[in-house]
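Enquirer: There's a structure below that I have some questions on.
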Amino acid sequence: MTVLYDELKQALRTYFDANGGAHHQFHGNRPNLSFEFPISVVSKDEEIITVDSDIQLMSIPAACASATSGNHEPRGNSQHGLSCFDIVFPITIKFPDGTTAEATARLALRQLIRNWKTNNPDATERPQIVFPLTVKIDEDGSLVTVNNREELRRLKEGCE
């Protein structure tokens, strides 16, 4: 069975609407969704990859990760995943309670945020990246200092 990205997105939206709202409203009690394997995915380079397991599926984003992954569009993962640069680690994250933590890699950043969400399920505010941060431009390897969220947004827009 072939399912296009938009069809998958609509099926998920329909499911979440019928079962209590948007996926981000489940606060750690999200339903366990799974794929019926094998499935095929298309890489950024238009290569078709056959995936036979959850473990194999989870390894794909790590292999293709961009500086701001975790978004929702095919072949680039939405506007903040479609980037021409990588964040240079370590970076600092500020939590809503005023505490900070340093992430030394993308996986560490995800874990810090996941732990915070688990420990603060009712929080309405989100952890924030502390600026300035440094990014490495893919095209020429140059390092650029990003001083605020607006500069980061403009840099991302320039990648399109």
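Each reported figure results from applying straightforward, stated rules to the coordinates on display, with no laboratory input. Bear in mind the structure is a predicted one, so any value in this text is a computation, not a measurement. Heads up, the Cβs are rebuilt from the backbone with ideal geometry, glycines too, and the neighbour counts pull from every protein chain shown.
Enquirer: Would you calculate the separation in nanometres between label points at Y15 and R149, each defined as 7 Å from the Cα along the Cα-to-beta-carbon direction?
Expert: 3.0 nm
Enquirer: Starting at the first residue of the range 114-131, write each ³J(HN,Hα) from the Karplus equation 6.51 cos²θ - 1.76 cosθ + 1.60 with θ = phi - 60°, in whole Hz, x for Gly and Pro.
Expert: Values per residue, Gly and Pro as x: 4, 4, 4, 4, 4, 7, 9, x, 9, 5, 9, 8, 10, x, 10, 6, 8, 9 Hz.
Enquirer: Same structure again: In the range 134-160, which residues have a backbone nitrogen under 15 Å from the label point lying 7 Å from F89's Cα in the Cα-to-Cβ direction?
Expert: 134-136
Enquirer: Considering amide H positions built from the backbone, and no H for Pro or chain starts, which residues 5 or more places from V88, or on another chain, come under 5 Å of its amide H?
Expert: It is T134, V135, K136, by chain and number.
Enquirer: Calculate one ³J(HN,Hα) per residue across the range 145-154 by plugging θ = phi - 60° into the Karplus curve 6.51 cos²θ - 1.76 cosθ + 1.60, and present them in order as whole Hz with x for glycine and proline.
Expert: 8, 10, 8, 6, 4, 5, 4, 5, 4, 5
Enquirer: Using only the alpha carbons of the range 85-157, what is the convex hull's orientation-averaged projected area in square nanometres?
Expert: Numbers: hull surface 21.1 nm².
One quarter of the hull surface, i.e. the mean projection, equals 5.3 nm².
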